[in-house]
Amino acid sequence: MSLYVHKYGGTSVGTSEKIQNIAQKLAHEKNKTGYDLVVVVSAMRGETDRMTKLARGIQAAPSAKQMDVLLSTGEQVTISLLCMALEALGQKAVSYTGSQVKIITDDSHGKARIEDIETAKIKADLDDGRIVVVAGFQGVTADGIITTLGRGGSDTTAVALAAALKADECRIYTDVDGVYTTDPRVEPKARRLDKITFEEMLEMASLGSKILQIRSVEFAGKYNVPLRVLSTFIEGDGTLITYEDDDMEKALISGIAFNRDEAKVTLSGVQDMPGIASAILKPISAANIEIDMIVQNIAEDKTTDFTFTVHRNDYDKTMKILQNIRAQLGAQKVLGDDKIVKVSIVGVGMRSHAGIAGQMFTALADEGINIQMISTSEIKISVVVDEKYLELAVRTLHESFGLSQE
Ligand code: ADP
Ligand code: ASP
Ligand code: MG
């Protein structure tokens, strides 16, 4: 028997009417095909943000554990409403929270990792002809404590369920009809891709494209889950995320990602000697701050400027730590800028072509965009630029690499 996992995001379940429309589509598919259907839903649009604000109104930094208890309620609302809508159409349906299924996670509250999923109950319900509706984004520790998987985590719930149930396909239904060459909200000329490789999708997600949570792509690649992104509202085949094959579009660059959540800090005039980088970064990692790009440069006087980027939310904390260690390291100044963004080009075609970086930097220079930092890997090149250039940089690169729609 064929089994499909569907996932509907916040915008897709944003109103009662939208939930009823999804129920109608599911009922139609079930009646027509008889396929087994497992449906993962997000909280209604805006709910997770609304609850986060509520919590911050009470405590500036609420505990991650209590935040998980709070935020997991968003998805519980949606599973019940969708089941009601299905039942109103005469369908047999059942709803489960993450802890009812037993989506077992570790105890990293706010960013928990799925370790195991119990499938026996779900399988019995499917055999019984029920549509199974599961709350996304949440799990439970082996000790029964509620956890959440991080923003966008319902994608990961869907892929993990698809892997555990060996589904024929995991279908991520959202408010765009597939994965585009870049976010269509920033570049209206962006094109939908029929296919993209796991590797490229993983880079795009890691570099800021919020269309799929990074872990969902990791999971799908690791467990070989056929994954497709498609629209809740428009018919179409969407975008298949798959392994590299010969009939993939032979583009040099598949997409452009960007991340607005970046900030840059510099410790200037530090001594150029062994142990300095580690002395700077140790207190940063001890404070649980993740570092992204790092650049170190030696000046003629044998001192160096040490620059790195962090998440914008960690900017103030990072600046304070650097100010504290500045004197002790004999550094001159602490400089910072939280008005920067990272723009990246991604494509497996880069592996076999020279000159891509040159083309990227020339295109940006022609628009007068100053590049502040650069980092490269086999299939991506990222630059840090002033945030005021974000849209211009994305559109310029989109055009330069021939990604725009005719
Ligand atoms: P959902 O609520 O369904 O999970 P998200 O808001 O998480 O939806 O993801 C869909 C959004 O991702 C789109 O509305 C779009 O603005 C954004 N997005 C970013 N990069 C891309 C891309 N390369 N292709 C398509 N959409 C993208
Ligand atoms: N509701 C959660 C969020 O807004 C999870 C999700 O939608 O995937 O991030
Ligand atoms: Mg999402």
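The values are calculated or read from the model by the stated rules, or taken from the named source; none is laboratory data. These numbers come from a predicted model, not from an experiment. Neighbour counts run over all protein chains shown; Cβ positions are idealised from the backbone, glycine included.
If the condition is being small (G, A, S), within 14 Å of ligand 2 (Cβ to nearest atom) and within 29 Å of K30 (Cα to Cα), then region 97-115 contributes only G98.
Yes or no, residue by residue, for (1) in a helix (DSSP H, G or I); (2) over 13 Å from the mean Cα position of the chain (by Cα); (3) farther than 18 Å from I104 by Cα:
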residue	(1), (2), (3)
G150	no, no, no
T156	yes, no, no
V159	yes, yes, no
A162	yes, yes, no
C170	no, yes, yes
Y173	no, yes, yes
T182	no, yes, yes
R185	no, yes, yes
P188	no, yes, yes
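Against the test of being touching a helix residue (DSSP H, G or I) at 6+ places or on another chain (Cβ under 9 Å), free of Cβ contacts under 8 Å to residues at least 40 places away in the same chain and at negative phi, the options T318, T304 yield a single qualifying residue, T304.
Taking the stated definitions as given, is S216 within 16 Å of ligand 2 (Cβ to nearest atom), of a type in the set (G, A, S) and under 20 Å from V5 (Cα atoms)? Steps first, please.
Details: within 16 Å of ligand 2 (Cβ to nearest atom): yes; of a type in the set (G, A, S): yes; under 20 Å from V5 (Cα atoms): yes.
Against the criterion (within 16 Å of ligand 2 (Cβ to nearest atom), of a type in the set (G, A, S) and under 20 Å from V5 (Cα atoms)), S216 qualifies.
Taking each residue of region 385-404 that is more than 23 Å from D338 (Cα to Cα) and looking for partners that are surrounded by fewer than 19 Cβ atoms within 10 Å (Cβ to Cβ) and of a type in the set (S, T, Y) with beta-carbon atoms closer than 7 Å, six or more apart or interchain, yields H398/S404. As for region 116-125, it holds no residue that is over 30 Å from E399 (Cα atoms), in contact with a helix residue (DSSP H, G or I) (Cβ under 9 Å, 6 or more places away or on another chain), within 15 Å of ligand 2 (Cβ to nearest atom) and in a strand (DSSP E or B).
Against the definition (touching a strand residue (DSSP E or B) at 6+ places or on another chain (Cβ under 6 Å), of a type outside the set (S, T, Y), buried (at least 17 other Cβ atoms within 10 Å of the Cβ) and assigned to a helix (DSSP H, G or I)), how does E203 come out, yes or no? Here the answer is yes, as E203 does meet what is asked. For the condition crowded, with 18+ Cβ neighbours inside 10 Å and free of Cβ contacts under 8 Å to residues at least 40 places away in the same chain, G221 qualifies. Taken over region 1-19, the residue count meeting the criterion of being outside any strand (DSSP E or B), within 16 Å of ligand 2 (Cβ to nearest atom) and not aliphatic (A, V, I, L, M) is 7. The residue that is farthest from the chain's Cα centre (by Cα), counting only those in region 23-47 that are within 15 Å of ligand 2 (Cβ to nearest atom) and either among the β-branched types (V, I, T) or buried (at least 16 other Cβ atoms within 10 Å of the Cβ) (or both), is V39. So is Q76 of a type outside the set (S, T, Y), touching a strand residue (DSSP E or B) at 6+ places or on another chain (Cβ under 8 Å) and under 20 Å from G152 (Cβ atoms) or not? The answer is yes for Q76. Just for region 133-155: of the residues that are crowded, with 24+ Cβ neighbours inside 10 Å, more than 8 Å from ligand 2 (Cβ to nearest atom) and of a type in the set (V, I, T), which one is nearest to R215 (Cα to Cα)? Checked region 133-155; the qualifying residue nearest to R215 (Cα to Cα) is T147. Scanning region 265-301 for residues that are assigned to a strand (DSSP E or B) and without any contact (Cβ under 8 Å) to a residue 24 or more places away in the chain gives I291, I294, Q296, N297.
For region 206-217, check the following and say yes or no: at least one residue is at pLDDT below 95, within 15 Å of ligand 1 (Cβ to nearest atom) and of a type in the set (K, R). For region 206-217, residues at pLDDT below 95, within 15 Å of ligand 1 (Cβ to nearest atom) and of a type in the set (K, R): present. The single condition among (1) modelled with pLDDT of 95 or more; (2) at negative phi; (3) more than 16 Å from ligand 3 (Cβ to nearest atom) that G90 does not meet is (2).
Between G178, G153, G136, the distinction of being small (G, A, S), within 11 Å of ligand 1 (Cβ to nearest atom) and in contact with an Asp or Glu (Cβ under 6 Å, 6 or more places away or on another chain) belongs to G136 only. In region 73-89 there is at least one residue matching the filter, namely being within 19 Å of C170 (Cβ to Cβ) and away from ligand 1 (no atom under 15 Å from the Cβ).
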